[in-house]
């Protein structure tokens with residue numbers, strides 16, 4: 001069975017209460033449930049992880065090499081700062097999709113640069129919590145080609 005790691009970075013554990021005008025009122029638990037529902041309908045496994053620590057995220061990416069077929073990554077602020085995450089994705093040689101709840105290109109200039117984008121097969125940005133479903137659909141399609 002195809003398996004996708006959905007990996008969430010710093011501050012995403014605060015979804016629903018953190019800047020709801022930007023990120024919405026949906027919690028990370030709600031998003032995990034959406035991904036679980038998608039998994040059942042699509043017959044594709046989904047493992048959901050979150051950490052506020054860059055090294056832990058790198059460890060999850062490394063472990064994905066032997067356990068998953070692709071990665072959906074919402075790296076949060078690490079998108080714009082982490083060469084380590086970029087290198088980890090490149091080193092495991094799994095397809096990855098960069099994901100953002102907000103449209104980062106409509107926000108502050110520093111959010112326009114992504115280290116993840118250069119190693120991602122695509123980017124989903126600006127669709128709120130539904131972006132997770134879009135990213136999972138896109139990854140499933142990518143893996144089936």
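What's the total number of residues in segment 125-141 that are part of a helix (DSSP H, G or I) and in contact with a strand residue (DSSP E or B) (Cβ under 8 Å, 6 or more places away or on another chain)? Steps first, answer last, please.
Start the filter on segment 125-141 by keeping residues that are part of a helix (DSSP H, G or I), which leaves 130-141.
From what is left, the residues that are in contact with a strand residue (DSSP E or B) (Cβ under 8 Å, 6 or more places away or on another chain) are 131-132, 134-136, 138-140.
Going through segment 125-141 one residue at a time, the tally reaches 8.
Suppose we filter segment 7-62 for residues that are assigned to a loop (DSSP other than H, G, I, E, B) and surrounded by fewer than 14 Cβ atoms within 10 Å (Cβ to Cβ); how many remain?
The initial filter retains those residues of segment 7-62 that are assigned to a loop (DSSP other than H, G, I, E, B), namely 9-11, 15-19, 24-27, 43-44, 51-53.
Now narrow it down to the ones that are surrounded by fewer than 14 Cβ atoms within 10 Å (Cβ to Cβ): 17-19, 25, 43, 53.
The qualifying residues number 6.
With respect to residue 45, is the statement that it is closer than 19 Å to residue 141 by Cα and without any contact (Cβ under 8 Å) to a residue 60 or more places away in the chain true?
Working: closer than 19 Å to residue 141 by Cα: yes; without any contact (Cβ under 8 Å) to a residue 60 or more places away in the chain: yes.
So residue 45 passes the test.
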Qualifying positions in segment 108-125 - surrounded by fewer than 15 Cβ atoms within 10 Å (Cβ to Cβ) and modelled with pLDDT under 95 | 108, 109, 110, 112, 113
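So which of 89, 97 is at pLDDT 95 or above, buried (at least 22 other Cβ atoms within 10 Å of the Cβ), in contact with a strand residue (DSSP E or B) (Cβ under 6 Å, 6 or more places away or on another chain) and not in a helix (DSSP H, G or I)? I'd like the intermediate steps shown before the answer.
On the way: 89 fails: not in a helix (DSSP H, G or I).
Only one candidate qualifies: 97.
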Failed condition for residue 145, given (1) surrounded by fewer than 19 Cβ atoms within 10 Å (Cβ to Cβ); (2) under 22 Å from residue 20 (Cβ atoms) = (2)
List the number of the failed condition for residue 82; all other conditions in (1) out of contact with any helix residue (DSSP H, G or I) (no Cβ under 8 Å at 6 or more places or on another chain); (2) closer than 21 Å to residue 22 by Cβ hold.
-> (1)
Please work out which one of (1) under 12 Å from the mean Cα position of the chain (by Cα); (2) at pLDDT below 95 is the condition residue 105 fails and give its number.
-> (1)
Taking segment 63-77 and keeping only residues that are within 29 Å of residue 109 (Cβ to Cβ) and in a loop (DSSP other than H, G, I, E, B), one is left with 75
Those residues that are without any contact (Cβ under 8 Å) to a residue 60 or more places away in the chain and either touching a strand residue (DSSP E or B) at 6+ places or on another chain (Cβ under 7 Å) or surrounded by 13 or more Cβ atoms within 10 Å (Cβ to Cβ) (or both), I need them from segment 63-78; list them, please.
-> 63, 64, 65
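The values are calculated or read from the model by the stated rules, or taken from the named source; none is laboratory data. Remember, predicted model here, so these are calculated numbers, not experimental data. Here the Cβ is made from the backbone with ideal geometry for all residues, glycine too, and neighbour counts use every protein chain on show.
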